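Here's the structure we're looking at; comments come further down.
The values are calculated or read from the model by the stated rules, or taken from the named source; none is laboratory data. Please read these numbers as outputs of a predicted model, since none were measured by experiment. Cβ: placed from backbone, ideal geometry, glycine included. Neighbour counts: every protein chain shown.
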Amino acid sequence: MSYNILVVDDSLPMRSIIIKTIKASGFKTSNFFEAGNGAEALEVLKNQWLDLVITDYNMPGMNGMELIREMKKDSIFNSIPVLVVSTEGSRQKMKEFQEKGVADYIRKPFVPEEIKLKITQILGEVEDEECFEESDDDLDF
Amino acid sequence: MKNALKKAMMTSISEVIATMFFMPLEFLEEESFEYLISSSENIACRIGFNGRFKGSFLLFIPENIIVSLTENFVGEAKVKITEDHLIGTIKEILNMISGSTFSNYDDQAVFNLDIPEIVDIKNISEASKKPDYEEIFIPIETVGGKLGVKLEFDQTILC
């Protein structure tokens, strides 16, 4: 099975590293979509079928929490799992994310294995583990 | 309080530079950051915050180090790296150091971080310390040179 994944972060390098990590993890992804904040993400959601949204919290314009609130209001978007990747580490913020129904949370800074582990838990096992070892997109760090 | 914050900053700097960028680092003993703000090769970035107390973090970093860090971070050769990548990396480093410092310092407290911004290094002066503000400066040496992180915070509204 292949997946469509939306990565929402105002940092271009952070979007790049998340996408590279997922590609290197062997997930058969059809398409990656990118957005610089929550408002841009909602535009993508209106036009694409998505299997997973990965979002930062602190972004200019519409932040990650506001995006999640908007998604939960929509009868279609509210079924899409959301993985939050953020520097926010307070227990109160974590609780708030949990209450909003996010699938999981990764605190920055992270190691690539954390991304792979969390996405596997959300989307299921990687189908072809060899892909992880042989991928041309393997991380160079 | 100040020592606990300094320790949290050092832990978070190690986590970010070593864990995400795989760059070795050494903390230095220098107390002045004049050499970091007097070089035109260096870039400065600031992020404000508020919560149990308010203030801001500043990152001073030479351009050659940020290029190396960006290459490590996004896994691209120098030729493919754009200005947006470089600026994005500087902001993300400071964002992660700030967020991680507060998590390491007290994960029960809520601190709200602003959006990081690049600031003109010429407008920064060691002598411009605000009254009632406490400062912590952490100088670091890594491959390619020296960088530094400064925390300035208002200690009058500490809870």
Out of the residues in the range B:113-131 that are at pLDDT 90 or above and surrounded by fewer than 24 Cβ atoms within 10 Å (Cβ to Cβ), which is farthest from the other protein chains (Cβ to nearest Cβ)? B:Val119
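Scan the range B:82-92 residue by residue and report those that are aliphatic (A, V, I, L, M) and more than 9 Å from chain A (Cβ to nearest Cβ). Steps first, please.
Keep residues of the range B:82-92 that are aliphatic (A, V, I, L, M), which gives B:86-87, B:90.
Of everything in the range B:82-92, just one residue is aliphatic (A, V, I, L, M) and more than 9 Å from chain A (Cβ to nearest Cβ), namely B:Ile90.
Determine whether the range B:55-69 contains at least one residue that is in a loop (DSSP other than H, G, I, E, B) and farther than 17 Å from B:Val16 by Cα.
Step one: of the range B:55-69, the residues in a loop (DSSP other than H, G, I, E, B) are none.
So far as the range B:55-69 goes, no, none of its residues is in a loop (DSSP other than H, G, I, E, B) and farther than 17 Å from B:Val16 by Cα.
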Scanning the range A:1-17 residue by residue, the ones that are surrounded by 22 or more Cβ atoms within 10 Å (Cβ to Cβ) and assigned to a strand (DSSP E or B) total 4
Selection from the range B:10-31 of residues at pLDDT 90 or above and away from chain A (no Cβ under 14 Å) yields B:Met10, B:Glu26, B:Phe27, B:Leu28
Apart from one, (1) outside any loop (DSSP other than H, G, I, E, B); (2) within 16 Å of B:Tyr35 (Cβ to Cβ) all hold for B:Ser125; the odd one out is (1)
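Looking at this structure, is B:Asp106 within 13 Å of chain A (Cβ to nearest Cβ) and acidic (Asp, Glu)? Break it down stepwise before answering.
Values: within 13 Å of chain A (Cβ to nearest Cβ): yes; acidic (Asp, Glu): yes.
Yes: the conditions hold for B:Asp106.
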Restricted to the range A:52-79 and to residues being under 11 Å from the mean Cα position of the chain (by Cα) and hydrophobic (A, V, I, L, M, F, W, C), the residue surrounded by the fewest Cβ atoms within 10 Å (Cβ to Cβ) is A:Leu52
In the range A:84-121, anything under 19 Å from A:Leu6 (Cβ atoms), in contact with an Asp or Glu (Cβ under 8 Å, 6 or more places away or on another chain) and surrounded by fewer than 16 Cβ atoms within 10 Å (Cβ to Cβ) is listed as A:Gln121
